[in-house]
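Rule-based calculations on the coordinates, nothing more; no lab input. This structure is a prediction, so every number in the text was calculated from the model and none was measured. Reconstructed Cβ throughout: ideal geometry from the backbone, glycine too, with neighbour counts over all protein chains shown.
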Amino acid sequence: MTNRERLLYLAREGSLADDYLPAAFFLHFPDDCHAGPAAVRKHVEFFNATGNDLVKVQYERRFPALADIRRPSDWARLPCYDAAFYAEPLDVVAGVVDELGGTAVVIVTLYSPFMFAGHVVGKERLLSHFAEDPAAVRSGLDVIAESLRHFVGGCIERGVDGFYASTQGGEVGRLDAELFGRYVKPTDLAVWELFRERTQFNVLHVCDYAAPYQSFEQYTDYPGHIVSAPVQLADRRLPGRDVARLFGRPFLGGLDRLGAISHGPPDAIVREAEQAIRDGPEAMILGADCTLAAGADWNDIATATGVAHAWKRN
């Protein structure tokens, strides 16, 4: 069985196909590798050098900042970007699928409407607008969700296996459960509906890049074949096996993205990777809670990947 077949089996059946434990780690590449052939080459080089079992195409096309969205009512004027806006990242997606799609599962990073809205006005102003008039901001999120139809459809046309769909907004100190559930979650789920029945390997990523979570309860009914979430909550650790049990699906993660995996030394990476596997469910992909530090040594990533691949054979 190939690694691609193993991962597709994991997504389809919710269990490992054999005693091979896959691994996948991600990071952002330098600015000069965000677009064009350079971006495609860097994704291929990273995949081959690290021994990753999963290819995730990074999304680097931010929504433009708009200074004229000063008040919540201004969100009604947010432009809906068409397919031309996504031409550059779609070219990267096409190139990576052409290079690796036959041998590996290829998924694409997909930010949520809330996350893209943060690009438009900044995180602090976005939260301020939500506090003042969440219904007005929701109108802007709906526009973003509609715009993403072009990107999602373009990725599927180019042959991706699925998406790494990120959500934010419900972290500690951001939106409370009522605001998140009423105004953000519906737009997250609207985007999921664009691809959930059309793709075969989708990862729900509960992203703690901005802040930690108190719990994951408001995310457990999100779709996704695999769940990627941090094991460190605001006030406690939640081992990977418990994350998998809570969501009822296989787990991707286990390592602290800014821990030894990003800084070394190798012996610490081995210890942390082994502990993450011991703390994880049987059906898992060893990874980290989000993208690693940009300067992480690819050899260190290969070390962690090697721990996963050798685990069942020890």
Give the long-range amide H neighbours of residue 232: residues separated by 5 or more places, or on another chain, with amide H under 5 Å away, using H modelled in the peptide plane at 1.01 Å from N.
238
Can you compute the label reach from residue 263? Point 7 Å from Cα along the Cβ direction, backbone N cut-off under 19 Å, restricted to segment 200-226.
209-212
Computed magnitude of the charge dipole of segment 272-314 (debye, nearest 20; Cβ of K, R +1, Cβ of D, E -1):
220 debye
For residue 77 and residue 9, calculate 0.36 nm times their separation in residues minus their Cα-Cα distance, and state this gained length in nm to one decimal.
20.0 nm
Please report the orientation-averaged projected area of segment 103-175, defined via the convex hull of its C-alpha atoms, in nm².
5.6 nm²
Helix hunt in the chain: which complete DSSP H runs extend at least 18 Å axially by C-alpha with mean Kyte-Doolittle at least -0.5?
36-50, 87-100, 134-157, 298-311
Short version: ³J(HN,Hα) in whole Hz for each residue of segment 210-222, in order, from phi by Karplus 6.51 cos²θ - 1.76 cosθ + 1.60 (θ = phi - 60°), x for Gly and Pro, what are they?
8, 6, x, 10, 7, 7, 10, 4, 7, 10, 5, 9, 5
For the chain, what does the convex hull of the Cα positions come to per residue, in cubic angstrom?
119 Å³
Using +1 at the Cβ of each Lys and Arg and -1 at the Cβ of each Asp and Glu in the chain, identify which of 215, 94, 308 lies farthest towards the dipole's positive end.
215
Sequence ranges 290-298, 151-159, ranked by mean other-Cβ count within 10 angstrom, highest first
151-159, 290-298
Given a Förster radius of 35 Å and the C-beta distance between residue 211 and residue 44 as r, what FRET efficiency does 1/(1 + (r/R0)^6) yield to the nearest 0.05?
0.55
Full-stretch length increase - residue 232, residue 182 - with 0.36 nm per residue and alpha-carbon distance subtracted
15.4 nm
Label 7 Å along Cα→Cβ of residue 135; segment 41-85 residues with amide nitrogen under 20 Å?
70-78
Collect residues whose amide H, placed 1.01 Å from N in the peptide plane, falls under 5 Å from the amide H of residue 285; neighbours closer than 5 in sequence don't count.
251, 252, 253
When the chain is fully extended, how far beyond the present Cα-Cα distance does residue 103 get from residue 198, taking 0.36 nm per residue of separation?
32.2 nm
What is the fewest-to-most order of 185, 42, 56 by other Cβ atoms lying within 10 Å of their Cβ?
42, 185, 56
One would report the Cα pair-distance distribution of segment 221-314, bin width 5 Å, in %, as 3, 15, 25, 24, 18, 10, 4, 0
Averaged over all viewing directions, the convex hull of the alpha carbons in segment 204-268 casts a projected area in nm² of 4.8 nm²
Of all DSSP beta bridges located in the chain, what percent are antiparallel, nearest 5?
5 percent
Size of the dipole of segment 1-151 about the Cα centre, Lys and Arg at +1 and Asp and Glu at -1 on the beta carbon, nothing else charged, in debye to 20?
340 debye
Dipole in debye (nearest 20) - segment 3-311, about Cα centre, beta carbon charges: Lys, Arg +1; Asp, Glu -1:
400 debye
